[in-house]
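Quick notes on the structure that follows.
The values are calculated or read from the model by the stated rules, or taken from the named source; none is laboratory data. Everything numeric here is computed off the predicted structure, so don't read it as measured data. All Cβ positions, glycine included, derive from the backbone under ideal geometry; neighbour counts span all protein chains shown.
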Amino acid sequence: MQAESRLNGATRTLINEAERETDLGNARRLVNRFGMHFRYVGTWNKWLVWEGGRWRRDDTAAVHRLAQSTVRAIFDEARDEPDDARRNSLAKWALSSQSNGRLESMIKIAATQPEIAIHHDELNRHPHLLNCQNGVVDLRTGDLLPHDPHHLLTQTTGLDYPTESVSPELWLETLGTIFAGDTSMVQFVQRLFGLGVLGEVVEHLLAIFHGAGANGKSLVVETAMGAMGDYAVKAPRDFCIASKHEQHPTAIADLYSRRLVVITETGDGQRLDEALIKELTGGDTLRARRMREDYWQFTPSHLALMVTNHQPMVKGTDNGIWRRLKMVPFDVVIPPEKQDPELPRKLKAEWPKILRWMVDGYLDYQRRGLDPPAAVQEATNAYRSEMDSFGVFINECCTLGQGLLAKGLYKSYSNWCDQRGEKPVAGKTFAKRMDTTPGISSYRSNGTVYEGIGLND
């Protein structure tokens, strides 16, 4: 590390005299010499080192090398000691401090020092700061700030952020083709990805990029993820699909400090895990752990986005789930002769400009909100209508204006669901839906009778 080569002079380290030949004294030497270059996260039992404008996990034993450098510097202390007895004693201590046990003790004690020990909640706690290769973007203004270790940022886009307004021409041309020249859709997607660069859940939504193949939705998402670097992550396949088993906590841990979480392809007929969707998009604390870690909690910072050829099944009918879902239609199919296999590579050259375009999208979001265009509203409403099996049953199989026993109506509904391969809602739920359907009332006469509805012949 830079600190190792820069700080190896023979200056005497200022520590308590009584601690000079103790493990605590060695720990203080390490902190005094290199404390600005490392931190310890007790929740994770992990060291972080400052490198390249961000704090990264110490996967290369950098802290151990700093400890070794610190021990070697004790010989310099001894050389500068004017008293012979004290000089000899300190030299012996320097020699014994090179043992593995002493080095480990030094590092272990350093992890407890107030300048070094931090909680994971202190990391990435500034949602409006976006870390880049050449500085930190303040999303509230779009200004570029210098790197500062006190920001405690662990992620980076890995790109140089353009300080001047630039237009990603090929990217805009590509979006224009994908959305058939609908500028309202292009601007909406820009604001949506603008939310993706913000490290805070302000819109409780799952955006669903949906359409048959060869329509560019994967290209759009992969390009955006490339421009966001560490801030974007692809969730495991079927991450939000209902199953008998809960998601493994390590999958949840991967969402920590991400700003764009992409959920890939769902199979035909697969059902959303609606409880998990509410949890992931609600902004409330998530509980997770990685391998060989205790459980820990964090506040989500991501926008959730699903990319799929098939509409995932939604059984819930309440606004609790439907207010979160935004269907973004990709209806234009690109014919084979117009598909460019080199387009992803060409767009990669525009990643810095696309990143600036996304930041501009967040600035636009601050002015006007998400503001979904008519195409998104219509696609979402159509999706909800299609998922409402009760409503489809009423429209396809029933006639208003008659009267029917509840028992017979529910039996017909159950048979209809069986033919479609769907699970009918429970009888009590069915009754509640009937009672809230306009034009239908009920009374009891040898069983409940629904007045105002009958079955088609």
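Some notes on this structure:
- Among residues of the stretch 47-64, those that are surrounded by fewer than 19 Cβ atoms within 10 Å (Cβ to Cβ) and assigned to a strand (DSSP E or B), counted: 3
- Contacts under 6 angstrom Cβ, first residue in the stretch 81-110 being surrounded by 17 or more Cβ atoms within 10 Å (Cβ to Cβ), partner outside any helix (DSSP H, G or I) and among the aliphatic types (A, V, I, L, M), 6 or more apart: Ala110/Ile116
- Residues in the stretch 127-159 that are farther than 21 Å from Arg57 by Cα, touching a Leu at 6+ places or on another chain (Cβ under 9 Å) and not β-branched (Val, Ile, Thr): His128, Asp138, Leu139, Arg140, Gly142, Leu145.
- Residue list for the stretch 154-197, filter: closer than 12 Å to Ala227 by Cα, among the aromatic types (Phe, Trp, Tyr) and in a loop (DSSP other than H, G, I, E, B): Tyr161
- Exactly one residue out of Ser243, Ser218 is closer than 29 Å to Lys346 by Cα and either in the same structural domain as Ala375 (by TED's automatic domain parsing) or assigned to a loop (DSSP other than H, G, I, E, B) (or both): that is Ser218.
- Subset of the stretch 75-127 that is in contact with a Ser or Thr (Cβ under 6 Å, 6 or more places away or on another chain) and not in a helix (DSSP H, G or I) - its residue that is farthest from Ser301 (Cα to Cα): Leu123
- Yes/no for Ser105 being closer than 25 Å to Gly42 by Cα, among the hydroxyl-bearing types (Ser, Thr, Tyr) and modelled with pLDDT of 95 or more: yes
- Check on Glu200, farther than 27 Å from Leu347 by Cβ, in a loop (DSSP other than H, G, I, E, B) and either basic (Lys, Arg) or within 14 Å of the chain's Cα centre (by Cα) (or both): yes
- Any hit, the stretch 393-403, residues being aromatic (Phe, Trp, Tyr) and more than 21 Å from the chain's Cα centre (by Cα): yes
- Residue in the stretch 131-142 that is assigned by TED's automatic domain parsing to the domain that holds Trp322, part of a loop (DSSP other than H, G, I, E, B) and among the hydrophobic types (A, V, I, L, M, F, W, C) present: no
- Meets criteria (in a loop (DSSP other than H, G, I, E, B), out of contact with any Phe, Trp or Tyr (no Cβ under 9 Å at 6 or more places or on another chain) and over 24 Å from His128 (Cα atoms)) for Gly283: no
- Pair list, Cβ < 8 Å and 6+ apart or interchain, from the stretch 250-264 residues that are farther than 19 Å from Arg57 by Cβ and in the same structural domain as His302 (by TED's automatic domain parsing) to residues that are of a type in the set (Gly, Ala, Ser) and in a strand (DSSP E or B): Leu260/Ala232; Val261/Ala232; Val261/Ala304; Val262/Ala232; Ile263/Ala304
- Counted residues, the stretch 286-333 - those being of a type in the set (Gly, Ala, Ser), buried (at least 18 other Cβ atoms within 10 Å of the Cβ) and in a loop (DSSP other than H, G, I, E, B): 1
- Close pairs (9 angstrom Cβ cut-off, 6 or more residues apart or separate chains): within 20 Å of Gly158 (Cα to Cα) in the stretch 229-243, surrounded by fewer than 17 Cβ atoms within 10 Å (Cβ to Cβ) and β-branched (Val, Ile, Thr) anywhere: Lys234/Thr264
- The residue that is nearest to Gln311 (Cα to Cα), counting only those in the stretch 334-374 that are among the charged types (D, E, K, R) and in a loop (DSSP other than H, G, I, E, B), is Asp371.
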